[in-house]
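Before any comments, here is the structure.
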Amino acid sequence: MTDDDLKYTLSANSSIELGGGYELAVDQIDVKGKKANLVLKHDGNELNSSIVTTGDGMSGDWIFKTDVLNDKNVQVLRVHVKDVFQGTKDSIVEIEGLWLADYLNAFEVKSDEDYGKWEAYDVNSQRLSYVAKDISLSSGAVIDLGQNWSLKVQDGFEIPPAERDEDYEFNNRFYLFEEYTEPGKYELRSAVSFANRPVDRLGILNFYSFFNFPGFFYDLDKHLFTEFLLAIPDGTKFTDDLSSFAYVTTYVHTDYEYLPNDGLGEDQTLLNSWDSGYDVMGYFGELYVPFNIVDISGFHEHDATKLEKFAPLVIDSDDKHTLNKGGFIELGKGYTLHILDIDVEGNQAHLELQKDGTILNSSIVTTSSEPGGSNWIFKDKVLGTSDVQILRVHVENVFRGEKDDLVSIDGLWLTDYQNAVSIDQGDEVGLLEYHGVYGPDEIYIGPSSEQWLVFGLKNNLSLSDGMDLQIAENLNIRAESGTNGIPPSGPVSKMSLPSYYISDLRYYFYSIAEIEELGSGSGNNDNGSNNTSNGSNNTSSSDNDNTKGVEKEEGQPVGSSFNVLAALALAFFIALLILIIAYLYMRYRARKKAAEMGNPNMKS
């Protein structure tokens with residue numbers, strides 16, 4: 001559960017959470033006797049306790065052994081108490097060494113016991129070997145192997161034919177993964193590399209892509225990837241030269257998830273702008289869209305000069321949504337698409353884009369059977385660039401249901417344009433410096449591309465034991481030295497490994513993926529405008545610019561003015577009603593008292 005040398009300073013009646021429901025509690029502290037009474041608990045129940053003495057040749061250790069699965073004297077906990085002393089107010093115990101095994105959930109591995117698809121192959125006191133057999137791969141499948149391990153298979157999977165052309169496009173991709181669902185932060189780690197070792201023998205370990213670093217962007221179904229990292233240390237140091245350390249990324253073109261495939265017209269041009277696709281780019285593991293410039297009809301116009309301006313992709317979906325008036329779709333990052341009105345006879349739907357309750361844009365969309373119709377395409381000027389596509393929606397149909405008028409939406413695409421990014425040569429991103437856009441003749445790394453964004457170290461970076469450092473955005477590095485983790489015997493032993501494999505620094509790169517608590521998402525409340533345009537293929541735009549998105553007049557939260565006035569009116573009415581009731585009650589009491597006293601002068 002835990003193995004660390006962190007320093008904990010605690011007073012009496014305080015505790016350390018060890019994970020898995022375990023905690024180490026401090027019951028009492030005796031400063032004069034240099035003693036501390038420690039208690040191990042699980043889910044609030046005491047498991048064991050010990051009085052630990054420090055100083056005067058005492059070890060300061062508590063080692064808790066117990067019987068586990070019929071094995072006696074199994075160590076399950078050890079604690080090192082460094083000191084006991086009097087603080088400014090309280091008596092203090094200082095703990096600097098913790099180790100705990102989850103012995104309450106220990107289990108025995110048996111040679112005749114399988115786990116899911118994992119069949120016991122070689123189970124003995126030296127090693128545990130399992131083999132998963134008879135796995136059939138099929139398009140889009142997620143195959144549970146057991147023990148939280150699964151295989152994911154690409155859409156369109158097929159076995160390559162024995163005889164195939166040189167330009168045959170392989171569609172036989174799959175990968176192994178472990179699924180986590182509990183909220184928390186998880187590390188996505190690259191392959192491990194070694195300092196002080198011959199580059200020509202293991203040079204591949206210094207080149208990182210989606211193959212050996214899951215922290216980089218990769219689309220399994222479409223085989224899309226753009227990010228590469230070259231990291232070759234000079235001894236135990238990365239230099240600021242690009243031949244030693246370089247992070248590069250580029251763009252790739254892809255299709256929208258909603259893909260009508262309406263084909264070409266007589267002039268051999270696309271009939272439907274949804275078929276023109278858009279560019280995507282991985283940027284330190286996150287998926288971005290280089291500014292998607294579109295014409296008046298929403299057709300993509302590639303412009304490689306816009307590669308240095310990009311925005312996060314919020315959604316690209318062909319899921320079908322059927323909504324009535326007042327309904328809405330949560331798009332992500334605080335954006336929502338609302339249905340303001342539906343006109344079945346006119347085949348129209350009034351749609352509105354909001355973020356955190358603030359209106360950004362709206363449009364009346366008229367459905368049409370013509371190719372390229374039934375769209376709302378919202379484009380704007382962002383970071384000084386005109387005609388940047390922000391949102392596109394395809395309305396499939398408007399119809400009358402059993403009770404309500406309904407609209408069916410089957411195409412959605414949105415970028416987080418209010419958090420767009422712009423970089424210039426010389427900009428610093430963490431420990432890196434942006435060198436600019438390089439052409440294919442200036443740098444070769446990965447597949448050919450006409451443009452590369454290139455980043456290098458600002459200064460030399462030395463590797464050291466215990467190093468854990470953020471390089472840029474969500475790219476981090478961790479380094480360790482020594483022989484920890486090398487098997488003492490078996491197929492791989494210390495004797496069979498090169499010397500640099502054992503004694504020198506090991507390092508890897510990693511990023512952090514976070515699973516948030518349900519309903520804990522948040523978004524920025526930025527300003528917007530309320531522009532409306534009509535038509536069967538609506539394109540709304542603005543000439544206003546914004547260095548953090550789109551700079552427009554401040555929008556008002558929907559219904560905010562009405563809600564405030566209504567609340568004030570209701571409060572006034574309730575207060576007036578209470579006063580009237582109180583007045584009538586007082587008059588009633590006064591008349592009743594006068595009647596009881598026989599006062600003839602009391603008038604109503």
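The values are calculated or read from the model by the stated rules, or taken from the named source; none is laboratory data. Bear in mind that the values here come from a model prediction, so they are computed numbers and not experimental data. Virtual Cβ from ideal backbone geometry, glycine too; neighbours counted across all protein chains shown. Calculation scope for accessible area: heavy atoms of the full protein, side chains included, ligands and nucleic acids excluded. Shrake-Rupley method; radii C 1.70, N 1.55, O 1.52, S 1.80 Å.
What tally of residues in the range 252-285 results from selecting those that are modelled with pLDDT under 90, surrounded by 13 or more Cβ atoms within 10 Å (Cβ to Cβ) and touching a Leu at 6+ places or on another chain (Cβ under 8 Å)?
3
How many of the residues in the range 372-394 are hydrophobic (A, V, I, L, M, F, W, C) and either under 19 Å from residue 260 (Cα atoms) or open to solvent by 20 Å² or more (accessible area, probe 1.4 Å) (or both)?
5
Restricting the search to the range 16-41, which residues are closer than 28 Å to residue 105 by Cβ and surrounded by fewer than 16 Cβ atoms within 10 Å (Cβ to Cβ)?
17, 19, 20, 21, 27
I need the full set of residues from the range 318-334 which are surrounded by 15 or more Cβ atoms within 10 Å (Cβ to Cβ) and over 18 Å from the mean Cα position of the chain (by Cα), in order please.
Result: 318, 321, 323, 325, 327, 328, 329.
Here is a yes/no grid of residues against (1) free of Cβ contacts under 8 Å to residues at least 24 places away in the same chain; (2) of a type in the set (Phe, Trp, Tyr):
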residue	(1), (2)
278	no, yes
282	no, no
299	no, yes
316	no, no
330	yes, no
334	no, no
354	no, no
362	no, no
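Any idea which of (1) in contact with a strand residue (DSSP E or B) (Cβ under 6 Å, 6 or more places away or on another chain); (2) modelled with pLDDT of 95 or more is the one residue 218 doesn't satisfy?
That leaves (1) as the condition not met.
Restricting the range 506-520 to residues that are at pLDDT 85 or above and of a type in the set (A, V, I, L, M, F, W, C), which is nearest to residue 228 (Cα to Cα)?
509
I'd like the residue in the range 83-124 that is assigned to a strand (DSSP E or B) and of a type in the set (A, V, I, L, M) and, out of all such residues, is farthest from the chain's Cα centre (by Cα).
84
Can we say residue 470 is open to solvent by 40 Å² or more (accessible area, probe 1.4 Å), at pLDDT below 95, under 30 Å from residue 225 (Cα atoms) and not acidic (Asp, Glu)?
No: the conditions fail for residue 470.
For the range 16-33, which positions are among the β-branched types (Val, Ile, Thr), closer than 21 Å to residue 5 by Cα and either free of Cβ contacts under 8 Å to residues at least 40 places away in the same chain or in contact with a Ser or Thr (Cβ under 8 Å, 6 or more places away or on another chain) (or both)?
Answer for the range 16-33, where residues must be among the β-branched types (Val, Ile, Thr), closer than 21 Å to residue 5 by Cα and either free of Cβ contacts under 8 Å to residues at least 40 places away in the same chain or in contact with a Ser or Thr (Cβ under 8 Å, 6 or more places away or on another chain) (or both): just 26.
Which pairs have Cβ atoms under 9 Å, sit 6 or more apart or on different chains, and link a residue in the range 239-265 that is more than 22 Å from residue 285 (Cα to Cα) to one that is open to solvent by 10 Å² or more (accessible area, probe 1.4 Å) and of a type in the set (Ser, Thr, Tyr)?
258/317
Pairs needed: first member in the range 417-429, in contact (Cβ under 8 Å) with a residue 24 or more places away in the chain; second member anywhere, surrounded by 15 or more Cβ atoms within 10 Å (Cβ to Cβ) and among the acidic types (Asp, Glu); C-beta distance under 6 Å; at least 6 residues apart or different chains.
Short answer, once both residue conditions are applied: 418/526; 423/308.
Could you say which residue among 100, 104 is hydrophobic (A, V, I, L, M, F, W, C), open to solvent by 60 Å² or more (accessible area, probe 1.4 Å), closer than 30 Å to residue 47 by Cα and out of contact with any Cys (no Cβ under 7 Å at 6 or more places or on another chain)?
When all the criteria are applied, what remains is 104.
Residue by residue, here is whether (1) touching a Gly at 6+ places or on another chain (Cβ under 7 Å); (2) within 28 Å of residue 156 (Cα to Cα); (3) of a type in the set (S, T, N, Q); (4) part of a helix (DSSP H, G or I) holds:
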residue: 215; (1), (2), (3), (4): yes, yes, no, no
residue: 240; (1), (2), (3), (4): yes, no, no, no
residue: 243; (1), (2), (3), (4): no, no, yes, no
residue: 253; (1), (2), (3), (4): yes, yes, no, no
residue: 261; (1), (2), (3), (4): no, yes, yes, no
residue: 266; (1), (2), (3), (4): no, no, no, no
residue: 297; (1), (2), (3), (4): yes, no, yes, no
residue: 307; (1), (2), (3), (4): no, no, no, yes
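Would you call residue 433 open to solvent by 60 Å² or more (accessible area, probe 1.4 Å), under 26 Å from residue 240 (Cβ atoms) and assigned to a strand (DSSP E or B)?
Judged against the criteria, residue 433 is a match.
Residues 451, 418: which one is in contact with a helix residue (DSSP H, G or I) (Cβ under 9 Å, 6 or more places away or on another chain) and of a type outside the set (Ser, Thr, Tyr)?
Just one listed residue meets the conditions, 451.
List pairs: first in the range 61-77 and in a loop (DSSP other than H, G, I, E, B), second among the hydrophobic types (A, V, I, L, M, F, W, C), Cβ under 7 Å, 6+ apart or cross-chain?
69/106
It is to be established whether one or more residues within the range 289-299 are surrounded by fewer than 17 Cβ atoms within 10 Å (Cβ to Cβ) and aliphatic (A, V, I, L, M).
Yes.
For residue 2, indicate whether it is open to solvent by less than 50 Å² (accessible area, probe 1.4 Å) and among the hydroxyl-bearing types (Ser, Thr, Tyr).
Yes, satisfied.
Does at least one position in the range 395-404 carry a residue that is open to solvent by less than 20 Å² (accessible area, probe 1.4 Å) and part of a strand (DSSP E or B)?
Checked the range 395-404: at least one residue is open to solvent by less than 20 Å² (accessible area, probe 1.4 Å) and part of a strand (DSSP E or B).
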